[in-house]
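Colleague: Once you've had a glance at the structure underneath, I'll fire off some questions.
Any read-out appearing in this document is the output of simple, stated calculations on the displayed coordinates, not a laboratory observation. This is a predicted model, so every value here is computed, not measured. Please note: Cβ atoms are built from the backbone with ideal geometry, for glycine as well, and neighbour counts cover all protein chains shown.
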Ligand SMILES: Cc1cc2nc3c(=O)[nH]c(=O)nc-3n(C[C@H](O)[C@H](O)[C@H](O)COP(=O)(O)OP(=O)(O)OC[C@H]3O[C@@H](n4cnc5c(N)ncnc54)[C@H](O)[C@@H]3O)c2cc1C
């Protein structure tokens, strides 16, 4: 995302945001009213550009705003695929008309978005995607299937990549669109995961329509635009990720008071949002003291090792932030993503171990209403979502270490000639 850093002192922004919060924040406001005030003030997403719902702040000044908001006890802005994936991509590639149309609904929490990239035969090898977009006057006609589309059952809009030119190599014939999910021709079918929840979905397109005005970037430029989305997905410093509270996937009831929404979320948080919010560390500490696990010498060693990994992870995050160019995260985010998966696995293993036999219980029978157990069942997903661990290692090898690219004989052939196009739908 191209940022326009504003040279301001941390003290000034802290005073400004504190004054604004004093005048505007109340837990008795409706969620819709609060997010509207916060989004339009620019204090919700201080790192976004000043012209577009932000304050153009970077680094410590942006962090100081968030710290002050937290200190004040004010509820955070909306967060989810809309703020951490759609917004940075629209900010980077959108026309002014697209920004005007879509950013208000994102910044104020009115619109939920989903990401329509993965397909049954195109996950890690996303460039092999087969969903087609065919030009028809001022519109494009979309046909195909996506899968693992988190929160699509609640989404008003989707960020979609589709094949627009099968006659060029696979990375070159893809175009990026902003699609209205509420139309005939879009069918969403939820999939249930082992957590018991249905966070993601299959999405079927049967001649769905997108206006050409909702194309993000030039035709055939979709791969490059999608890389911006993915680097934001892997970036734990992303200003739109987990900035708020509550679910990252659902459709919040904007008419509830903020206080009621917070209470509802505390009682019913889904595994996906809980894992991303980082709340598992605190829950782990609580369980360790409750079960007196730190008295066991082997457990103490393992906990100290986990702590070191978490500290190293925070240092890497700071380095990645310092190395980000023009607001765009670099390949270091792959190191961070791998580190995050490792820490998640260690936290899961030690947390279950700390509970002793209680670690084998499930759902409401388990300590803390089974929240840690739900997290434990979600942990494998963190090694897959946003690109698997193996794919992150490939990226580190190629882009950070400069090793030769993985051999891919299909890279330079026209997509039409690849075996992947032999599916009946094509
Ligand atoms: C919780 C969760 C949420 C998700 N949300 C979304 C979403 O909202 N929208 C969306 O579009 N997608 C989403 N995904 C999909 C996700 O991006 C894919 O699952 C991921 O990219 C892997 O693709 P795949 O599942 O097709 O596995 P595959 O690509 O089939 O991989 C299978 C295995 O082969 C390995 N492998 C594949 N290629 C290589 C290679 N070149 N080198 C070494 N090993 C390789 C992989 O590491 C993996 O172990 C989500 C996934 C999860 C788990």
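Colleague: Which of 86, 320, 184 ends up with the largest GNM mean-square fluctuation for the chain, with Cα atoms connected below 10 Å?
Modeller: 184
Colleague: OK, next. Sort 283-290, 272-279 by packing, meaning the average of other beta carbons within 10 Å per residue, with the highest value first. Let's see the in-between values first.
Modeller: Working: 283-290: 15.6, 272-279: 20.1.
Per-residue mean Cβ counts within 10 Å order the peptides as 272-279, 283-290.
Colleague: State the antiparallel share, in %, of DSSP beta bridges confined to the chain, rounding to the nearest 5. Working shown, then result.
Modeller: On the way: 33 of 38 bridges.
Given both bridge residues lie in the chain, the antiparallel proportion sits at roughly 85 percent.
Colleague: Work out, step by step, the length gained on full extension between residue 51 and residue 183: first 0.36 nm times the residue separation, then minus their alpha carbon distance; give nm to one decimal.
Modeller: Details: separation 132, 0.36 × 132 = 47.52 nm, distance 3.12 nm.
Result: 44.4 nm gained on full extension.
Colleague: Let me ask something else. Considering only 405, 337, 146, give the residue with the highest GNM mean-square fluctuation for the chain, with springs between Cα atoms whenever their separation is below 10 Å.
Modeller: 405
Colleague: Percent relative contact order of the stretch 10-77, based on C-alpha pairs within less than 8 angstrom and at least six residues apart?
Modeller: Relative CO of the stretch 10-77 lands at 35 percent.
Colleague: For the stretch 27-163, what does the alpha-carbon gyration tensor say about shape, rounded, prolate or oblate, given a ≥ b ≥ c as the root eigenvalues, a/c under 1.5 as rounded, and a/b over b/c as prolate?
Modeller: On the way: a/c = 2.16, a/b = 2.03, b/c = 1.07.
Note, shape of the stretch 27-163 comes out prolate.
Colleague: Here's another thing I want to ask about it. Sort 72, 171 by Cβ crowding within 10 Å, fewest neighbours at the top. Numbers along the way, then the final one.
Modeller: Details: 72 13, 171 19.
The fewest-first ordering by Cβ neighbours comes to 72, 171.
Colleague: With a 10 Å cut-off between alpha carbons and a GNM built on the chain, which of 413, 178, 248 moves the most?
Modeller: Between 413, 178, 248, it is 413 that shows the largest mean-square fluctuation.
Colleague: Mind sorting 118, 294, 149 by how few other Cβ atoms lie within 10 Å of their own Cβ, fewest first? Mind dumping the intermediate values first?
Modeller: Working: 118 19, 294 13, 149 26.
Fewest-to-most Cβ neighbours within 10 Å comes out as 294, 118, 149.
Colleague: With a Förster radius of 35 Å, plug the Cβ-Cβ distance of residue 408 and residue 221 into 1/(1 + (r/R0)^6) and report the FRET value to the nearest 0.05. Intermediate values should be presented prior to the final figure.
Modeller: Values: r = 20 Å, r/R0 = 0.58.
So, using R0 = 35 Å, E works out to roughly 0.95.
Colleague: Across all directions of projection, what mean area in square nanometres is found for the Cα convex hull of the stretch 91-202?
Modeller: On the way: hull surface 33.3 nm².
Result: 8.3 nm².
Colleague: For the stretch 10-77, what does the alpha-carbon gyration tensor say about shape, rounded, prolate or oblate, given a ≥ b ≥ c as the root eigenvalues, a/c under 1.5 as rounded, and a/b over b/c as prolate? Walk me through the intermediate numbers first.
Modeller: Working: a/c = 2.04, a/b = 1.31, b/c = 1.56.
Taking the square roots of the gyration eigenvalues as a ≥ b ≥ c, the stretch 10-77 is oblate.
Colleague: Related question: Kindly state, to the nearest 0.05, the FRET efficiency for residue 384 paired with residue 416, given R0 = 41 Å and r defined as their beta-carbon distance.
Modeller: Values: r = 30 Å, r/R0 = 0.73.
FRET efficiency, residue 384 to residue 416: 0.85.
Colleague: Within the P(r) computed for the chain, what percentage of the Cα pairs occupies the region above 38 Å? Intermediate values should be presented prior to the final figure.
Modeller: Working: 20368 of 90525 pairs.
In whole percent, the long-distance tail amounts to 22.
Colleague: Another question, if that's okay. Between residue 365 and residue 211, 0.36 nm times their residue separation minus their Cα-Cα distance comes to what? Each step should come with its number before you reach the end.
Modeller: Numbers: separation 154, 0.36 × 154 = 55.44 nm, distance 5.10 nm.
Taking 0.36 nm per residue and subtracting the Cα distance, the gain is 50.3 nm.
Colleague: Quote the convex hull volume per residue of the stretch 278-387, based on C-alpha atoms, as a whole number of Å³.
Modeller: Numbers: hull volume 10.9 nm³, N = 110.
So the per-residue hull volume is 99 Å³.
Colleague: For the chain, what does -39500 (n - 2.57) per DSSP helix run (n ≥ 4), summed and divided by total residues, give at 222 nm, in deg cm²/dmol to the nearest 500? The partial results should precede the final answer.
Modeller: Details: 13 runs with 170 residues, N = 426.
Helix-only estimate at 222 nm: -12500 deg cm²/dmol.
Colleague: Using 0.36 nm per residue of separation minus the Cα-Cα distance, give me the extension gain between residue 193 and residue 70 in nm, one decimal. Working shown, then result.
Modeller: Values: separation 123, 0.36 × 123 = 44.28 nm, distance 3.28 nm.
Between residue 193 and residue 70, full extension yields an extra 41.0 nm.
Colleague: Sticking with this one: If you average the sequence gap of Cα pairs under 8 Å that are 6 or more apart and divide by the length of the stretch 110-233, what percent do you get for the contact order? Write out the running numbers ahead of the final one.
Modeller: Details: 294 pairs, mean separation 34.1, N = 124.
Reported as a whole number, the value is 28 percent.
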